[in-house]
Amino acid sequence: MIIISLALLFILSFVSLLLGRYKITPKEVLEALYCGISKSDCMLPDMVQSVIYKVRFPRIITALLVGGALSSAGAVFQGLFKNPMVSPDILGASAGAGFGAALAILLSWPFVMVQFSAFILGILAVAISYFICKIVSSGKDALLILVLAGIVI
């Protein structure tokens with residue numbers, strides 16, 4: 001199953017190098033990848049190399065990293081709560097991130113700061129839930145108190 005998943009990952013990554021507003025043929029993609037790996041001179045136009053290496057390749061890497069991070073976070077939540085149907089709303093992460101993004105938008109902050117604010121306040125909401133649980137619970141029913149603190153947050 002892992003081999004099939006990796007093969008599918010490489011195939012879809014290659015296909016996504018072909019897709020976009022600027023048309024690039026599979027031959028051009030393979031030649032650009034070969035030139036990038038071997039560090040040899042390419043006979044491809046600069047526009048093709050620029051689109052592949054500055055637009056599409058970073059997009060693929062970002063998608064892989066974000067997908068991996070989301071799947072890891074989901075697995076951690078499922079393991080912590082022993083529930084395959086758990087969601088980020090349980091600890092207040094979604095509410096905190098939404099509040100952070102809304103606050104930054106209302107303050108007319110730049111797009112990067114909107115993302116940063118959402119991230120920081122999402123983490124802060126989970127931390128507050130955790131500290132409320134630590135203060136209130138004495139060891140027993142800690143998971144229940146953690147969920148309730150997350151709902152309150």
Point to revise | Odd one out for SER72, checked against (1) modelled with pLDDT of 90 or more; (2) closer than 30 Å to SER5 by Cα; (3) touching a Ser or Thr at 6+ places or on another chain (Cβ under 8 Å) | key: (3)
**Study point:** Residue satisfying condition, being at pLDDT 95 or above and open to solvent by less than 100 Å² (accessible area, probe 1.4 Å), within set LEU124, LEU143
**Key:** LEU124
Check your understanding: Do you know which residues across segment 72-93 are open to solvent by 50 Å² or more (accessible area, probe 1.4 Å) and either outside any helix (DSSP H, G or I) or among the polar types (S, T, N, Q) (or both)?
Key -> SER72, GLN78, LYS82, ASN83, PRO84, MET85, PRO88, ASP89
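Table: residues versus (1) surrounded by 15 or more Cβ atoms within 10 Å (Cβ to Cβ); (2) of a type in the set (Phe, Trp, Tyr); (3) touching a residue at least 12 places away in the same chain (Cβ under 8 Å); (4) part of a helix (DSSP H, G or I).
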site	(1), (2), (3), (4)
ALA101	yes, no, yes, yes
ILE105	no, no, no, yes
TRP109	yes, yes, no, no
VAL112	no, no, no, yes
SER117	yes, no, yes, yes
CYS133	yes, no, yes, yes
Point to revise | Lone unmet requirement of (1) part of a loop (DSSP other than H, G, I, E, B); (2) under 18 Å from GLY74 (Cα atoms); (3) not small (Gly, Ala, Ser) for VAL126 | key: (1)
Point to revise | Wholly enclosed helices (runs of 4 or more DSSP H) of segment 1-62 bearing at least 1 residues surrounded by 13 or more Cβ atoms within 10 Å (Cβ to Cβ) and at pLDDT below 90 | key: 26-38, 46-51
Review point. LEU65 is checked against (1) modelled with pLDDT of 95 or more; (2) exposed (fewer than 10 other Cβ atoms within 10 Å of the Cβ) and fails just one. What number does that condition carry?
Key: (2)
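The values are calculated or read from the model by the stated rules, or taken from the named source; none is laboratory data. This one's a predicted model, so the numbers in the text were calculated from it and none came from an experiment. Glycine also receives a Cβ, built like all others from the backbone with ideal geometry; neighbour counts cover every protein chain displayed. Please note that ligands, DNA and RNA were not included when accessible areas were found on the heavy atoms of the full protein model with its side chains. Shrake-Rupley method; radii C 1.70, N 1.55, O 1.52, S 1.80 Å.
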